[in-house]
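Single-structure report; data block below.
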Amino acid sequence: MGSSILPDLGAEILIPVCAVIGIVFSLVQWLLVSKVKLSPGQDSGSPGNNGAGGKNGYSDYLIEEEEGLNDHNVVIKCAEIQTAISEGATSFLFTEYQYVGIFMVAFAILIFLFLGSVEGFSTKSQPCTYDKSKMCKPALATAIFSTVSFLLGAVTSVVSGFLGMKIATYANARTTLEARKGVGKAFITAFRSGAVMGFLLAANGLLVLYIAINLFKLYYGDDWGGLFEAITGYGLGGSSMALFGRVGGGIYTKAADVGADLVGKVERNIPEDDPRNPAVIADNVGDNVGDIAGMGSDLFGSYAESSCAALVVASISSFGINHELTPMLYPLIISSVGIIVCLITTLFATDFFEIKAVKEIEPSLKRQLIISTVLMTIGIGIVSWVALPSSFTIFNFGDQKAVKNWQLFLCVAVGLWAGLIIGFVTEYYTSNAYSPVQDVADSCRTGAATNVIFGLALGYKSCIIPIFAIAISIFVSFSFAAMYGIAVAALGMLSTIATGLAIDAYGPISDNAGGIAEMAGMSHRIRERTDALDAAGNTTAAIGKGFAIGSAALVSLALFGAFVSRAAISTVDVLTPKVFIGLLVGAMLPYWFSAMTMKSVGSAALKMVEEVRRQFNTIPGLMEGTAKPDYATCVKISTDASIKEMIPPGALVMLTPLIVGIFFGVETLSGVLAGSLVSGVQIAISASNTGGAWDNAKKYIEAGASEHARTLGPKGSEPHKAAVIGDTIGDPLKDTSGPSLNILIKLMAVESLVFAPFFATHGGLLFKIF
């Protein structure tokens, strides 16, 4: 078998050091962003400050003209708008967290009661689950420690989302002000802010998990199976908070967005983010609570779960049985190296290459993905060589499968590259530089109906290659290293999470920057620059969602494998009626969930449209710009709707595994998990890509960059109105239902795994009665 090259002490130092480096790097980026001042006076420096003029391809006199005229007013106005957005986002998140906090405590009690009751709350040692000849810690310990790790995961997830939102609202106005000096400066500010969030989240997630493992080890000692079973609560906590963050934030942002677009653009013919539009502040707040806070929690959840799934399987493989610490921590070492790789990658965007023109933005972001993937492949190779023995055995449904270290390297690499492929396919289908979106834009000539038909077809078609990529990575990784292979493939996809999040958070920050430029009455030229940043951000957001969905599929399959092993199911036979009914019901759940979230956005948007219309009709001088709209009412409508409406979909996801497990047993539950995974992935990919394509088709027409686009435009033309309607339909698809579905898939799997001991002992009541 042999042992690993890296000593245990090396692994124990490497992981926290990399995490701390990530946190320090994010603070450095934050300091660099904070150098852009939001108070007038210091900011209106000479035209040639830092030579910014010549560097960014804009001659000096342009800057003089833009910066000199109404500088003080613009800066003050930007600061005011930023404060309004920040306050709105903070107050919403605090309200949301109060409700979520109650749920968190209630669910923690539930975990304790269910898992404690497995052995009747006995404090005696019990035979180990996988090796009856040895004695392990009592079920009561698993109950207590699972509850603690659940709360840890939940708090880390909430903090990740909240910090992300704070950073984004801090950076949005600064990006707007930098846009006066050229597109390159604005890009660097937005990207750095995204990096702050990416590195903080990746490093925090890793550090908290590592500390939790070490603290739990003080009690568990040599019982690694029990230790890592208790750690799975960390993933459950992370994802359950992410679900409420994604659904609540998604309903908030889209209710405001749909209301603002339908009345403002279509009925009143005023531009996007016009300060006369009453829903405009709510719309910009929504970008931060949905796309930033929700997405941060979501990716943190994926990361926590894939780590937990890998650790659970490893603890019952030769690593755990022989107590080899370094190979046991292999999943965490991959994430640690990922932080260092992403750090180097980020410097390529901010320091090594400078962006001089609008057309360089998107290639620069794509370069980030490629560089991080290539460097990470080398990193994984080194880690697999030093942290793993040359051969070892992996638990495979009751047997031990012999695996070589190069096979595990291939598992991780396959996941990593599948992520890149999914990212690029998503980009092809959602960026307006390619024919699919241009065809959708072209279909707007004949009205909204053809636009909707083309958009839906595009979404369905965009599932093909990602599904093959996921399928191939599952086949390869399972063939090499069973369920552990799939878990590390998911980790491979998420190993560059810091870069992925930086690119992802960049989108909403640029979107906000454009809104602030419009509301502060900045020149048309600045709005064009922020629009260019935003269009690139839209595509990268779609790429981020592709990553999240792909990794969710792999994570949930790995968790499913761990659940099947833990619940002692030898085979999941589709032909038995117990399993088949589970499959059918599981496949239906994503539709039920999507129906709930879509309807919630629809009913909230309805109230918003009525309120915006009411203000335009009753406030004299609003259209002329002499009176101010009542922004607060619109913010309140969004807040109330999202808090009220996030409960039912959340309850559906959280209660399904419990009800199925208790009443129908583990076989039916395994069917439900498989069904929801298979149908959820397809709906999530098609919903996200359809929405992204409609959004960029609208932007394609608005930008009028090509001859073809100019024949469809300008803003306000019939094709443009049809495109706005398509974009509005796509909003809840791409920002509420689509991204929340990947949490549904993972959350049900991780919840089933945490409750598996209870279901295996006391589940299936109905079948026991009959």
Legend entry - Relative packing of 324-337, 570-583, 655-668, which averages over residues the other C-beta atoms within 10 Å, highest first: 324-337, 655-668, 570-583
Inset, instruction - Could you pull out every residue, at least 5 positions away or on a different chain, whose amide H is within less than 5 Å of the one on Leu622? Hs are placed 1.01 Å off N in the peptide plane, and Pro or chain starts have none. - result: Ala627
Inset, instruction - Please label the shape of segment 646-686 as rounded, prolate or oblate, based on the square roots a ≥ b ≥ c of the eigenvalues of the alpha-carbon gyration tensor (a/c under 1.5 means rounded; beyond that, a/b larger than b/c means prolate, else oblate). - result: oblate
Legend entry - Phe475 accessible area, assembled protein chains, probe 1.4 Å, Å²: 150 Å²
Inset, instruction - Quote the convex hull volume per residue of segment 443-525, based on C-alpha atoms, as a whole number of Å³. - result: 156 Å³
Inset, instruction - Give the calculated FRET efficiency between Glu707 and Trp592 to the nearest 0.05, with a Förster radius of 30 Å applied to their Cβ-Cβ distance. - result: 0.05
Legend entry - Globularity index of segment 613-770, i.e. its alpha-carbon radius of gyration over 2.2 N^0.38 Å: 1.56
Legend entry - Separation between Cα centres of segment 124-170 and segment 220-238, rounded to whole Å: 6 Å
Inset, instruction - Compute the acute angle (0 to 90°) between the alpha-carbon long axis of helix 405-430 and the principal axis of greatest extent of the alpha-carbon atoms of the chain; round to the nearest 10°. - result: 30 degrees
Legend entry - Given charges at beta-carbon only (K, R positive; D, E negative), |dipole| of segment 372-491 in Debye: 180 debye
Legend entry - Extended-chain gain in nm, criterion 0.36 nm per residue less alpha-carbon gap, Lys768 and Lys134: 225.2 nm
Legend entry - Residues of type lysines that Lys644 reaches as a straight line, Cα spacing below 16 Å, ignoring anything fewer than 8 places off in the same chain: Lys254, Lys599, Lys607, Lys636
Inset, instruction - Calculate the spin-label point distance for Ile370 paired with Leu606, positioning each point 7 Å from the Cα along the beta-carbon direction, and give it in nanometres. - result: 4.9 nm
Legend entry - Computed over the chain, the ratio Rg/Rh where both radii use C-alpha atoms and Rh is Kirkwood: 0.98
Inset, instruction - Using only Cα atoms, locate the centre of segment 637-654 and the centre of segment 542-620, then give the distance between them in Å, rounded to an integer. - result: 14 Å
Inset, instruction - For Thr83, Thr175, write out the residues from largest to smallest accessible area, computed with a 1.4 angstrom probe and no ligands counted. - result: Thr83, Thr175
Inset, instruction - May I ask you to evaluate 6.51 cos²θ - 1.76 cosθ + 1.60, the Karplus curve with θ = phi - 60°, for each residue of segment 337-344 and list the ³J(HN,Hα) values in order in whole Hz, giving x for glycine and proline? - result: 5, x, 4, 5, 4, 5, 4, 5
Legend entry - Radius 15 Å from Cβ of Gly661, net charge of other residues (Lys, Arg +1; Asp, Glu -1): +1
Inset, instruction - Collect residues whose amide H, placed 1.01 Å from N in the peptide plane, falls under 5 Å from the amide H of Lys134; neighbours closer than 5 in sequence don't count. - result: Cys128
Legend entry - Reachable aspartates and glutamates, given that their alpha-carbon falls under 13 Å from the alpha-carbon of Lys545 and they are not under 8 places away in the same chain: Asp291, Asp298, Glu427, Asp504, Asp735
Inset, instruction - Can you figure out the FRET efficiency of His72 with Ala106, using R₀ = 51 Å and their beta-carbon distance, to the nearest 0.05? - result: 0.50
Legend entry - Alpha-carbon centroids, segment 317-350 and segment 726-770: separation in whole Å: 29 Å
Inset, instruction - Compare the peptides 225-234, 103-112 by average per-residue count of other Cβ atoms within 10 angstrom and give them in order, highest first. - result: 225-234, 103-112
Inset, instruction - Report Rg/Rh for segment 415-473, rounded to two decimals, where Rg is the Cα radius of gyration and Rh the Kirkwood radius. - result: 1.09
Inset, instruction - Set Lys and Arg Cβ to +1 and Asp and Glu Cβ to -1, take the dipole of the chain about its Cα centre, and tell me which of Asn73, Asn269, Asn172 lies farthest positive. - result: Asn172
Inset, instruction - For every helix of n ≥ 4 consecutive DSSP H residues, a contribution of -39,500 (n - 2.57) applies; sum these over the chain, divide by its total residues, and give [θ] at 222 nm rounded to the nearest 500 deg cm²/dmol. - result: -27000 deg cm²/dmol
Legend entry - Residue-by-residue Karplus 3J(HN,Hα) for segment 315-322, coefficients 6.51, -1.76, 1.60, Hz, glycine and proline x: 5, 10, 9, 4, 4, x, 5, 8
Legend entry - In degrees, nearest ten, helix 448-461 long axis to first principal axis of the chain (Cα): 30 degrees
Legend entry - Asn396 long-range amide H proximity, modeled H, under 5 Å: Lys401
Inset, instruction - May I ask you to give the solvent-accessible area per residue for the chain, in square angstrom, as obtained with a 1.4 angstrom probe? - result: 33 Å²
Inset, instruction - Using only Cα atoms, tell me the angle between helix 631-645 and the longest principal axis of the chain; keep it within 0 to 90° and round to the nearest 10. - result: 20 degrees
Legend entry - Sorted peptide list for 187-200, 592-605, criterion being average Cβ within 10 angstrom, highest first: 187-200, 592-605
Legend entry - Hydrodynamic radius by Kirkwood, which averages 1/r over all alpha carbon pairs of segment 299-374, in angstrom: 14.8 Å
Legend entry - Those lysines that a straight Cα-Cα span of less than 24 Å connects to Lys185, excepting residues fewer than 8 apart in one chain: Lys35, Lys37, Lys55, Lys77, Lys166, Lys356, Lys359, Lys366, Lys699
Inset, instruction - Enumerate the calculated ³J(HN,Hα) couplings along segment 671-678 in order (Karplus 6.51 cos²θ - 1.76 cosθ + 1.60, θ = phi - 60°), each rounded to whole Hz, writing x wherever the residue is Gly or Pro. - result: x, 4, 5, 5, x, 5, 5, 5
Inset, instruction - Might you work out the accessible area of Lys37 for me, using a 1.4 Å probe with all protein chains in place, and round it to the nearest 10 Å²? - result: 80 Å²
Inset, instruction - Before anything else, pin down the relative contact order of the chain: Cα pairs under 8 Å, at least 6 apart, normalised by residue count, whole percent. - result: 20 percent
Inset, instruction - Find the Rg to Rh ratio for segment 301-344, where Rh is the Kirkwood radius over alpha-carbon pairs and Rg uses the same atoms. - result: 1.06
Inset, instruction - Express the relative contact order of segment 431-530 as a whole percentage, based on alpha carbon pairs under 8 Å and six or more residues apart in sequence. - result: 11 percent
Inset, instruction - Measure off, as a whole percent, the carbon and sulfur share of the 1.4 Å-probe accessible area of segment 338-438, all protein chains present. - result: 69 percent
Inset, instruction - Would you kindly find the accessible area of His762, with a 1.4 Å probe and non-protein molecules such as ligands, DNA and RNA excluded, rounding to the nearest 10 Å²? - result: 70 Å²
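The values are calculated or read from the model by the stated rules, or taken from the named source; none is laboratory data. Keep in mind the model is a prediction, meaning the values are calculated, not measured. A quick note on method: Cβ atoms are made from the backbone with ideal geometry, for glycine too, and the neighbour counts reach across all protein chains shown. In case anyone asks, the SASA skips ligands and DNA or RNA and just uses the protein heavy atoms, side chains included. Shrake-Rupley method; radii C 1.70, N 1.55, O 1.52, S 1.80 Å.
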